[in-house]
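**Student:** Quick one: the structure is below, questions incoming.
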Amino acid sequence: MVSHCLCKRPPTSARGQQQESHGDLRSLSSSLFIIILHFLYEVMAVHGPVVKIHPVVLASIVDSYERRNEGASRVIGTLLGTTDKHSVEVTNCFSVPHNESEDEVAVDMEFAKNMYELHKKVSPSEVIIGWYATGYDITEHSVLIHEYYSREAPSPIHLTVDTALQSNKMNIRAYVSSQMGVPGKTVGVMFTPLTVKYIYYDTERIGVDLLHRTRASASRTNGLTTDLAQVASAAGRVQEMLSTVLSYIEDVLSGKVMADNSVGRFLMDLVNKVPKITAEDFESMLNSNINDLLMVTYLANLTQAQIALNEKLVVL
């Protein structure tokens, strides 16, 4: 038996011309609220935690949207990650089965709880920080689903991903809810936009670079590069960045560009992080590390050969 959370919209009934007038006013108020919300998103400075999203989260959301059930207009899921005083870092997610119609939405809460328990066994540090939904706007059902996640996490975030590319690009927005209204009267919910940034681990950078290279391929495919090619590519990028820094310094010294104190502080920190070592000591350290690497590689190959030989002897 699958457990669902059934949430229904308040029924609307017509009781004469006065009820119709109230309905028109509610419709007008809803439209004005949406217009004000979009206006605030565009022109108001956003205050609140910064939402940092990893590439694996976006890939998982797009994959769940491509695998959605027939007839489903969108998919939803749980966001996992960590939080601190100034930011929310989204490191993982999983989709949650749900059904929604014009009047109600049903969410499989039991599935969401079981999936979260499994994720905790693998990554205990990741906690529920909110939920996501594909689409461009926030719907009435979003408020009901957000109430459920408000019981699972303090101040959960709501992430919307425009997988349909309605604006010719994948808009990604994050919100946090806050109550609004008159004390003691009807209280509503307002979704305030947050700043979204994209970060990645070093291991994720390899996948992102690989996906980026497929844009220039006619077949949209590209193979993995060797370790030596990756080292050469990284060294090339470092050399390009150093050339940019040297060009900027020369322009400042010649008076072509106005000096920037913040850039100067960054460059000073960069110089201080470089270890002070002579060329002879550096060459000796590099040769020692290369010898260690060759020894480990030799032992690994020797072990592999011994295992293969042992398997053949056992068969005989």
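The values are calculated or read from the model by the stated rules, or taken from the named source; none is laboratory data. Computed from a predicted model, the values in this text were never measured in an experiment. Counting neighbours? That spans all protein chains shown, and the Cβs are built from the backbone with ideal geometry, glycine included. Side chains included, ligands, DNA and RNA excluded: accessible areas come from the protein's heavy atoms. Shrake-Rupley method; radii C 1.70, N 1.55, O 1.52, S 1.80 Å.
**Student:** Could you tell me the calculated FRET efficiency between Leu228 and Ser73, based on Cβ-Cβ distance and R0 = 45 angstrom, to the nearest 0.05?
**Tutor:** Values: r = 48 Å, r/R0 = 1.06.
According to the calculation, E is roughly 0.40.
**Student:** Under a 1.4 Å probe, what is the accessible area of segment 135-204 per residue, stated in Å²?
**Tutor:** On the way: 4060 Å² over 70 residues.
That works out to 58 Å² for each residue.
**Student:** Let me ask something else. Which percent of the accessible heavy-atom area of segment 227-274 goes to carbon and sulfur, probe 1.4 angstrom?
**Tutor:** Numbers: 2690 of 4150 Å².
The computed percentage sits at 65.
**Student:** Give me the 1.4 Å probe accessible area per residue for segment 227-274, excluding ligands and nucleic acids, in Å². Don't skip to the answer; put the middle values down first.
**Tutor:** Values: 4150 Å² over 48 residues.
Counting only protein heavy atoms, the per-residue value for segment 227-274 is 86 Å².
**Student:** Would you calculate the separation in nanometres between label points at Met190 and Phe94, each defined as 7 Å from the Cα along the Cα-to-beta-carbon direction?
**Tutor:** 3.6 nm
**Student:** Go through segment 211-226 residue by residue and turn each phi into a ³J(HN,Hα) via Karplus (6.51, -1.76, 1.60, θ = phi - 60°); whole Hz please, and just put x for glycine and proline.
**Tutor:** Running phi through 6.51 cos²θ - 1.76 cosθ + 1.60 with θ = phi - 60° gives 5, 5, 6, 5, 5, 8, 9, 5, 8, 6, 10, 7, x, 6, 8, 6 Hz.
**Student:** With all protein chains present and a 1.4 Å probe, how do Glu117, Glu104, Glu204, Glu66 order by accessible area, largest first?
**Tutor:** On the way: Glu117 90, Glu104 70, Glu204 35, Glu66 130 Å².
Sorted by accessible area, descending: Glu66, Glu117, Glu104, Glu204.
**Student:** Could I ask something else about it? With every protein chain kept in the model, how would you rank Ile172, Ile138 by accessible area, 1.4 Å probe, largest at the top?
**Tutor:** Details: Ile172 25, Ile138 50 Å².
The most accessible residue leads, giving Ile138, Ile172.
**Student:** Still on this structure: Hey, how many Å between the Cα centroid of segment 106-153 and the Cα centroid of segment 244-294?
**Tutor:** Using only Cα atoms, the two centres lie 46 Å from each other.
**Student:** Order the following by accessible area, largest value first: Leu58, Leu80. Probe radius 1.4 Å; ligands, DNA and RNA are ignored. Write out the running numbers ahead of the final one.
**Tutor:** Details: Leu58 35, Leu80 0 Å².
Greatest to least solvent exposure: Leu58, Leu80.
**Student:** Still on this structure: Under a point spin-label approximation (7 Å from Cα along Cα-to-Cβ), what is the Asp103-Asp209 distance to one decimal in nm?
**Tutor:** Modelled inter-label distance: 5.7 nm.
**Student:** How much length is gained on full extension from Ala308 to Arg265, taking 0.36 nm per residue of separation minus their Cα-Cα distance? Before the final figure, lay out each step's value.
**Tutor:** On the way: separation 43, 0.36 × 43 = 15.48 nm, distance 5.66 nm.
Between Ala308 and Arg265, full extension yields 9.8 nm more.
**Student:** A further question on this structure: Counting only protein heavy atoms and a 1.4 Å probe, tell me what percentage of segment 50-202's accessible area is made up of carbon and sulfur. Walk me through the numbers on the way to the answer.
**Tutor:** Working: 4170 of 8260 Å².
So the carbon and sulfur contribution to the accessible surface is 50 percent.
**Student:** In nanometres, what is the gap between the two model label sites at Lys121 and Val274, each 7 Å from Cα along Cα-to-Cβ?
**Tutor:** Roughly 5.1 nm, to one decimal.
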